[in-house]
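Quick notes on the structure that follows.
The values are calculated or read from the model by the stated rules, or taken from the named source; none is laboratory data. The model shown is predicted, which means the values in this text are computed figures rather than measured ones. Here the Cβ is made from the backbone with ideal geometry for all residues, glycine too, and neighbour counts use every protein chain on show. Please note that ligands, DNA and RNA were not included when accessible areas were found on the heavy atoms of the full protein model with its side chains. Shrake-Rupley method; radii C 1.70, N 1.55, O 1.52, S 1.80 Å.
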Amino acid sequence: MQASQRAETNHALEYAIGEANKQGLPVLVFFGLTGGVPGANARHYRFLLEGLCDVRETLRRRGIALIVRRIPPVEGVVAIARHAALVVTDRGYLRYQRQWREAVASRIDCPFIQVESDVIVPVETASPKEEYAAATFRPKIRRLLDAYLVPLQERDVAYPVRDGAALLQGDLPGDAVFSDETKEPLDRQAGEKGCAGEQAYAIEGCDDPLASILVALSVDLSIPPAAGFRGGSREARRRLDNFLRLKLSRYHEDKNDPSLDGLSELSPYLHFGQLSPLEVALKARAVCQAGGGANKEALLRETEAPPAAAAEVAPGLAAFLEELIVRRELAMNFAYYNPGYDRLDSLPAWAQATLHTHQADGREFNYTKAELAEARTHDRFWNAAQKELLLRGKMHGYMRMYWGKKILEWTAEPETAFQIAVELNDTYALDGRDPNGYTGIAWCFGKHDRPWGERAIFGKVRYMNAAGLRRKFDVDAYVRRVENL
Ligand code: FAD
């Protein structure tokens, strides 16, 4: 388990259970915890570890052992595979995720199968090439939705087992992480060392002191936890139900207004695979088809697919599925087919050319990465957006566009601007280090967009300004919201 960190609606897990049942064998889930995930700091690891507490509980109920060890995932899988008839993994689209899977494939002897579970339509099925824009991708993916928007049946585990260590005859790679695994667990090894950020990372409601696990992993503790976000599938579902009940019907009207609380706030959960996009889409569709009637509550808990999509799909649902499926899976398409997804040279030729033509244009403001990170610019709307990212670990989607465009405007070279945007987003956003993040940033620089009227610095890349924010929504109310965080 790496990208799909959940024990429900997980196609890789259900496939593994099916194969194990056929072969008369138990299932063991392994998670290799390494401090070396590119760009990740304690903010991200805390969220991940909270999620693993939920995974552990649910797997236990289902009769599946979970082994979480402090070891690079490839080393851990290679060691455990010596005891396995079959290794099944989930799928990730970023460079390091693909390298990990390729390394495992070259080093184990048993069959190794990758099952995609964090998109609705598998990335290569949706399109065999990098798409130019949402307009070219939308019809391709829409054609396939009836075939892929189907619920995943949970399988019973025929050979339940709880003690993973016994299954491996004690041959466990790396150090234990949670105290119910054998050998000295990390929480005790690290417990006495203490550390500055540790207090901020003490976590309620989990048996193990997660703060000490973070210390033992040597991850950067200087970024404080994201206030208001608790990791895990349980919390993800609570948020989903809340969104479907209270916000979905107005989503198309509210989504571009950062002064309101109109979004689902699900991106951190989708990023860590703590929530399945399939589950989200099916539940959203079910609620809409119930038409907000008396049985809406019951439908929220339904996993059965409702009848084929009604002709008069509610505008809120249509707008939400456009983001959740078309935009999100366009981002997977970009990360998968474009190896430079986190650099300026991933942009279409016209965008690179126009930005370079205008590179020498004078900049009225020119900020360093540190000034931007600390929200010290002349623009209080931009500063509010950056503060929201610093404090909450998430910025409103509409402000994200303005935020990225201004980094381009206030930095001497477009390459550096792209790099700063990636670094700030990856460091502070709980949902950062994700295809959506790289695609969102690339969009600010012209990706998946068309050329517009030429102007200074931006050339033909679409421009945004503060007057536009004022025209569209009450931006002062947004600033006040952030000040009250
Ligand atoms: P909702 O509006 O409730 O949408 C539901 C889901 O749909 C989201 O969770 C997300 O998975 C998907 N979605 C929504 N908008 C987009 C979009 N424009 N592109 C792709 N998928 C979308 N998204 C991230 O997940 N991680 C990032 O690091 C990230 N960085 C971004 C940086 C910039 C500069 C820009 C312009 C956009 C970025 N986005 C990122 C995309 C988008 O802003 C977020 O997905 C969205 O704001 C997440 O909040 P939500 O879950 O409340 O969204």
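Points to keep in mind about this one:
- Where helices (runs of 4 or more DSSP H) fall wholly inside the range 209-269, the ranges with 2 or more residues that are more than 11 Å from the ligand (Cβ to nearest atom) are 210-216, 233-246.
- Residue 150 vs. criteria surrounded by 15 or more Cβ atoms within 10 Å (Cβ to Cβ) and either over 24 Å from the mean Cα position of the chain (by Cα) or over 30 Å from residue 450 (Cα atoms) (or both): no
- Within the range 220-243, the residues that satisfy the criterion of being within 26 Å of residue 385 (Cα to Cα) and open to solvent by less than 40 Å² (accessible area, probe 1.4 Å) are 221, 223, 225, 226, 229, 231, 232, 235, 236, 239, 240, 243.
- Residues being outside any loop (DSSP other than H, G, I, E, B) and within 16 Å of the ligand (Cβ to nearest atom) - total across the range 356-382: 5
- Top-ranked residue in the range 431-482 [being buried (at least 22 other Cβ atoms within 10 Å of the Cβ) and acidic (Asp, Glu); ranked as farthest from residue 47 (Cα to Cα)]: 434
- Qualifying position, being over 20 Å from the mean Cα position of the chain (by Cα), assigned to a helix (DSSP H, G or I) and either within 11 Å of the ligand (Cβ to nearest atom) or at pLDDT below 50 (or both), among 299, 324: 299
- Remark: pairs (first residue in the range 438-449, touching a residue at least 12 places away in the same chain (Cβ under 8 Å) and farther than 13 Å from residue 352 by Cα; second residue within 10 Å of the ligand (Cβ to nearest atom) and among the charged types (D, E, K, R); Cβ separation under 7 Å; 6+ apart in sequence or on different chains) = 440/400.
- In the range 322-369, residue surrounded by the fewest Cβ atoms within 10 Å (Cβ to Cβ) [restricted to those that are farther than 28 Å from residue 456 by Cα and among the small types (Gly, Ala, Ser)]: 331
- Helices (runs of 4 or more DSSP H) lying entirely in the range 415-485 (those with 1 or more residues that are closer than 19 Å to residue 340 by Cα and among the polar types (S, T, N, Q)): 435-444
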